[in-house]
Amino acid sequence: MSASKRRIGDVILKVENISLAFGGVKALTDVSLDVRQHEIRAIIGPNGAGKSSMLNVINGVYQPTAGSVTFKGVKRHQVRPHEAATQGIARTFQNIALFKGMSVLDNLMTGRTLKMKAGFLSQCLYFGPALKEELEHRRKVEEIIDFLQIESIRKTPVGRLPYGLQKRVELGRALAAEPEVLLLDEPMAGMNVEEKQDMCRFILDVNDEFGTTIVLIEHDMGVVMDLSDRVVVLDYGRKIGDGTPAEIRGNQAVIDAYLGVKH
Amino acid sequence: MEIRGETFPQLLLEHARIRGGRTAMREKYLGIWQSWTWAQVADEVRWLACGLASQGFSRGMNLAIIGDNRPRLYWAFAAAQSLGAVPVPLYQDAITSEMEFVLNDAEIADALVEDQEQVDKLLEIRPRAPRLQRIYYDDTRGMRDYDQAGLMSYDRLRELGRDYDRAHPEFFAQSVASTQAGDVSVMLYTSGTTGKPKGVCHTHASMIAAARGDVGFDGFGENEEVLSYLPMAWVGDHLFSYAQAMVAGFTVNCPESSETVMIDMREIGPTYYFGPPRVFENLLTQVTIRVDDAARIKRAMYHYFMGVARRCGADLLEGRAVSIKDRLLYALGSFLIYAPLRNVLGMSRIRVAYTGGAAISPELYGFYRSLGINLKQLYGQTETAAYVCKQTSGQTKLDVVGRPMPGVEIKIADNGEVLVKTPSMLKEYYKRPDATAESITPDGYFMTGDAGYIDGDGDLKIIDRAKDVGRLADGTLFAPQFIENKLKFFPHIKEAVCFGDKTDRVCAFINIDLQSVGNWAEKQNLSYGGYVDLAGKTEVYALIEHCVSQVNLDLARDPQLAGSQVKRFLILHKELDADDDELTRTRKVRRGFIAEKYAPLVTALYSGQSAQHIKTQVKFEDGRVGYIEATLRIKDMSPVSPARQAA
């Protein structure tokens, strides 16, 4: 994969001096990071380092106690999840959050909800603009199905799928919103080697085909080092490293955080 | 109506003229079936041919075609043929070393492939296949950053073709008119159970003769629907999805992807179906698994009515006398079980289904016929364009492959080998006059390499490969494939390899079917950590032992084969795989190679040991290499004596 050939643009998302506390527990302390357009940005760190909290701050699930999030030039102290979504930030979850009883197709269609403009009545009657709109959405969703190669499970209820495929469907659901920035929370957790390879391939393809900026949390170091353009490392809610995979590999603070130090 | 035309491109233009508005092809794309009429297909082929010509591709050259069944790849056959060139389909899942051999052997300069995956493979091979210049790809996904020389998308090629066509409006028609029946129309590489693959050259005349014979035999017309899902490099698919469609003018449907074949088949409801026994076997395995998962009452209904079907289904299909009670029961079963089951299998509209390419076990064959599906066997090879013998619709015996097709002559050599003379005979093996001379007798018969005989009714019965049929030390007849097929009928057994020639007893390697045995283990609350672990479980051994003893019982009934019962077996720790050269690309076991590779296991089988350790190298699809280690147990079987059977 030729990261050099992708045009990495200006900073699209900037997180400045974020602190987040739950009562006395400090999840994040004064963390700043930036994400450039079209890049793959990894957030790594030991368990409880504050990685998922960071994602939750970015898309507004958590309100930071201090600091700001700047997305496409607009600086906000507080983001609400639906605002983040309409502005083009989509995400997947560490624990799969799909409608288990619904088919893959329907789950992907839910990803289009924010883009559905037709009125309630015309949607009920499936008439006029609603019909036209539905066809457009369905086409987009079918393109994603084709892209992720999940044609064979289009009509299968998600609950019946193996874990690896559910993860893929969740990625599809996030893609259905046509996001500019995609937040992936441990997309490869619990997968076997083959499923991981597939997922890596898809993440790179999404980044390459759609130009989507990707922020990902991942524990598999091999995957992180191969995929990402830049990596930020958190430990106990603080940023301890930020740079290219090569720089991170040589960073003493990171090595200490992962391997431990003698006290 | 017999359609005029001596070559495939001529047939295509004729179809475009007389049934231009009818659907020639469909492909499911973005969830919707897209169709092309014969007139549209003729245009597409015209533009593609012109595009190829504009790039310097011409008569005397060969075009490699690699990918899943896609309309554009089928058009590439016709386009190459229009130019007097030869299409060479390759197995799309072949590993690079195999592809490299074929590309070099066929002197390929131009290749038309499906997608990035195949492009990557060809780019990797190109340094070692210096003739390969131009690579065209259908699917542009992921191809944006490729700037290697000689790469071009199909869409671009098509545009160039349209320009070329406008500039030279007479070119295509003249080119098609100058194609001749005696030209080579296709080159199909045989999978080769032994040695390197050989390119089998068929002329337009031989392929069209086979297709015309088939179409006439079953009365196929323009209303047939077929699903093309078999590898394009296999003679079966070429005959069925290309040659026969070109002769009869019926509709060819391409599935959305190789994983959706079952779903697409239900949607299309083909009227004519062709598959190797393996496909029918997989379908049955899936049915069995799902029935086992069903509620008890459904399960009981299924087993009861399948019993009825076994008793009288085939008789009804063949129009023999059946008692009123059975007729009523069968009608009820048809309403409750058979019709819904046929629907799930996508076989509701099937008029004729064929199987061929390998021997089918009588049990499997009986299952489909008892459901009312007119499944018949055919017999043929790549070299004879799969046109030798076919069973007729009315009269069908389980264990024969039928009578010679019109124009085909068969004789049996002294060593039992079947010799065939047919209008669909290959022209030659590409650049292998030695091999051509070896396999065709001076009086023009092709030596099939199969052992068989013609029975009292004039039907051909195939026992095994002529070179595989052997004898045990005590002189008992030993037909390994015959026993293996019997074993493989059990859904739990995926592959079996039998040994026994010139030894004192028959021993077998068994490959369990992970899906089926895994499902069974789950129900037994048996936990396992993957294939190797599952294969070594005592419970699984007991399960397989039961299957083997059933086969032994069956063998014991045949006085000729009673002595070739399986005496010892072991369950292999890895799946036999074409990537490891253990199976051919059409998934036939390569017995000799396996015996060599697992020599310590074979020795252990015959030395009386109860276990043996082995370390095996495995090749992954990307060419990397790994190892699997395990200690395998060997199970002794007590022989069933025919005498005890009688008692």
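Annotations
- Considering region A:1-91, the qualifying strands (runs of 3 or more DSSP E), each wholly inside and each with 1 or more residues that are in contact with a strand residue (DSSP E or B) (Cβ under 9 Å, 6 or more places away or on another chain), more than 14 Å from chain B (Cβ to nearest Cβ) and modelled with pLDDT under 85, run over A:74-76.
- Selected residue [surrounded by fewer than 17 Cβ atoms within 10 Å (Cβ to Cβ) and within 20 Å of the chain's Cα centre (by Cα)] from B:G449, B:G456: B:G449
- Test: B:D501 is of a type outside the set (A, V, I, L, M, F, W, C), surrounded by 15 or more Cβ atoms within 10 Å (Cβ to Cβ), out of contact with any Phe, Trp or Tyr (no Cβ under 7 Å at 6 or more places or on another chain) and at pLDDT below 90: no
Residue by residue, here is whether (1) in a loop (DSSP other than H, G, I, E, B); (2) crowded, with 16+ Cβ neighbours inside 10 Å holds:
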residue	(1), (2)
B:K376	no, yes
B:E383	no, yes
B:G394	yes, no
B:P406	yes, no
B:V420	no, yes
B:S424	yes, yes
B:D443	yes, no
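- Single residue of B:L48, B:L30 found to be of a type outside the set (K, R) and crowded, with 23+ Cβ neighbours inside 10 Å: B:L48
- Filtered by the rule that a residue be more than 14 Å from every other protein chain (Cβ to nearest Cβ), closer than 19 Å to B:D93 by Cα and either crowded, with 24+ Cβ neighbours inside 10 Å or not aliphatic (A, V, I, L, M) (or both), region B:242-281 gives B:G275, B:P276, B:R278.
- Of residues in region A:199-215 being free of Cβ contacts under 8 Å to residues at least 60 places away in the same chain and out of contact with any strand residue (DSSP E or B) (no Cβ under 8 Å at 6 or more places or on another chain), the one farthest from the other protein chains (Cβ to nearest Cβ): A:M199
- Filter result (at pLDDT 85 or above and polar (S, T, N, Q)) within region B:348-370: B:S348, B:T355, B:S370
- Annotation for region A:118-129: no member residue is within 14 Å of another protein chain (Cβ to nearest Cβ), surrounded by fewer than 19 Cβ atoms within 10 Å (Cβ to Cβ) and among the aromatic types (F, W, Y).
- When region B:512-527 is filtered for residues that are assigned to a loop (DSSP other than H, G, I, E, B) and without any contact (Cβ under 8 Å) to a residue 40 or more places away in the chain, the ones remaining, listed by number, are B:Q524, B:N525, B:L526, B:S527.
- At least 2 residues being hydrophobic (A, V, I, L, M, F, W, C) and either within 24 Å of B:L188 (Cα to Cα) or more than 14 Å from chain A (Cβ to nearest Cβ) (or both) is the threshold, and among the strands (runs of 3 or more DSSP E) wholly inside region B:1-107 those reaching it are B:23-29, B:62-66, B:86-90.
- Those residues of region A:149-172 which are at the interface with another protein chain (Cβ under 9 Å from one of its Cβ atoms), closer than 17 Å to B:S258 by Cβ and surrounded by fewer than 20 Cβ atoms within 10 Å (Cβ to Cβ), in sequence order: A:Q149, A:R154
- Scanning region B:52-89 for residues that are among the polar types (S, T, N, Q) and out of contact with any Leu (no Cβ under 7 Å at 6 or more places or on another chain) yields B:Q55, B:N62, B:N69, B:Q81, B:S82.
- Test: residue in region B:310-331 that is closer than 29 Å to B:T586 by Cβ, surrounded by fewer than 19 Cβ atoms within 10 Å (Cβ to Cβ) and of a type in the set (S, T, Y): no
- A single member of B:L73, B:L83 is among the aliphatic types (A, V, I, L, M) and crowded, with 24+ Cβ neighbours inside 10 Å, and it is B:L83.
- Flag for B:K467 being of a type in the set (K, R), free of Cβ contacts under 8 Å to residues at least 40 places away in the same chain, surrounded by 14 or more Cβ atoms within 10 Å (Cβ to Cβ) and closer than 21 Å to B:C201 by Cα: no
- Filtered residue count, region B:295-321, keeping only those that are under 13 Å from B:G372 (Cβ atoms) and either modelled with pLDDT under 90 or under 29 Å from the mean Cα position of the chain (by Cα) (or both): 11
- Residues that are surrounded by 13 or more Cβ atoms within 10 Å (Cβ to Cβ) and without any contact (Cβ under 8 Å) to a residue 24 or more places away in the chain, drawn from region A:254-263: A:V254, A:I255, A:D256
- Long-range neighbours under 9 Å by Cβ, at least six apart or interchain, first residue under 27 Å from B:V88 (Cα atoms) and touching a residue at least 24 places away in the same chain (Cβ under 8 Å) within region B:219-231, second assigned to a strand (DSSP E or B) and of a type in the set (G, A, S): B:Y229/B:G275; B:L230/B:G275
- Scan of region B:116-153 for residues that are within 13 Å of another protein chain (Cβ to nearest Cβ) and part of a loop (DSSP other than H, G, I, E, B), ordered by number: B:D139, B:T140, B:R141, B:G142, B:M143, B:R144, B:D145, B:Y146, B:D147, B:Q148
The values are calculated or read from the model by the stated rules, or taken from the named source; none is laboratory data. In this text, all values refer to a predicted model and were calculated from it rather than measured experimentally. Neighbour counts run over all protein chains shown; Cβ positions are idealised from the backbone, glycine included.
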